[in-house]
Amino acid sequence: MKVYGNLMSTCSRKVMTVLAEKNREVDFINIELMKGEQKTPEHIARQPFGVVPVLETDDGFQMYESRAIIRYLDRTLPGTSLTPTDPKAYALMEQFMSVESSYFSPAAMKVVMERFRGTNDEANIAKGREGMKKPLEVIDAVLAKQPFLAGNDFTLAEVTWAPYVDYVIAVGEQAVLAEYKNVMSWWERVASRPSFKKATGR
Ligand SMILES: N[C@@H](CCC(=O)N[C@@H](CS)C(=O)NCC(=O)O)C(=O)O
């Protein structure tokens, strides 16, 4: 199995976290984003939008879109399932994956990219910080009652939130998270997970 990705990228980290949860080693083909390798015709043939990651299975099946890849991997690889069987827990997992992709990560990435690129547009950063508040408030209330977003277990919902929360902290914006104490306790559980440590090279 091959993954075309970049280990610094949030989307590749979701895929690598699930692979680590399943104890599955893959051939990792590094795509140098800073050099624009994701825009070459060779890579566009794998990923028409010119981004990473891409998964290629041993029988030559190729797919892209990180959230689709992690669902596929969880469904097909042996090991502990990261998708609840209980329909209500499953619904909550999907709900919080959607909250992440619709509301949290677009706001988080505004802040992260401004800091990461060093452009530091404070007005844009303020918008990003403001945008993170509601989704954080919502999950904080949920995490007051249960250890993980879908209930008692670590699921794909944690896998999708983790790289964005991690980068918010990495760029020095942890103050946005600090006022949500249940989020902070949850984050300790997620960040100390061996799969996430492996995916982030820690
Ligand atoms: N919706 C896509 C987004 C992929 C994406 O935006 N990847 C970023 C890295 S996290 C990328 O390749 N950026 C390089 C670029 O935009 O040129 C997915 O979930 O796989």
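The values are calculated or read from the model by the stated rules, or taken from the named source; none is laboratory data. Note that the coordinates shown come from a computational prediction; the quantities given were computed from them, not determined experimentally. Backbone-built Cβ (ideal geometry, glycine too); neighbour counts: all protein chains shown. Just the protein is used for accessible areas: all its heavy atoms, side chains included, with ligands, DNA and RNA removed. Shrake-Rupley method; radii C 1.70, N 1.55, O 1.52, S 1.80 Å.
Once the 1.4 Å probe is applied to the protein heavy atoms, region 80-202 comes out at 49 Å² accessible per residue. Distance from the alpha carbon centroid of region 89-152 to that of region 34-79 works out to 24 angstrom.
On the accessible surface of region 1-71, probed at 1.4 Å, how many percent belong to carbon and sulfur atoms?
Carbon plus sulfur share of accessible area: 54 percent.
Calculated [222 nm] ellipticity per residue, helices only, for the chain: -16500 deg cm²/dmol; basis is -39500 (n - 2.57) per DSSP H run with n ≥ 4, divided by all residues, nearest 500.
When the alpha carbon coordinates of the chain are projected onto the principal axes, the ranges are 46, 44, 28 Å, largest first. Contact order for region 2-76, expressed relative to its length and based on alpha carbon pairs under 8 Å spaced 6+ residues apart, stands at 37 percent.
The residues of region 2-76 expose, per residue, 52 Å² of accessible area to a 1.4 Å probe. Along the chain, the exposed loop sites are GluC sites (Glu not before Pro) outside DSSP states H, G, I, E and B with at most 14 other Cβ atoms within 10 Å, and the longest stretch free of them is 33-178.
On a full-extension model of 0.36 nm per residue, what is the gain between A45 and K197, subtracting their alpha-carbon distance, rounded to one decimal in nm?
Gain on extension, A45 to K197, equals 51.6 nm.
Inverting the mean 1/r over all pairs of different Cα atoms, compute the Kirkwood radius of region 86-157 and quote it in Å.
13.1
Out of every Cα-Cα pair in region 2-76, what percent are more than 20 Å apart? It works out to 21 percent of all Cα pairs. Of the chymotrypsin sites (Phe, Trp or Tyr not before Pro) in region 57-108, the ones in a loop by DSSP (not H, G, I, E or B) with at most 13 other beta carbons within 10 Å are F61.
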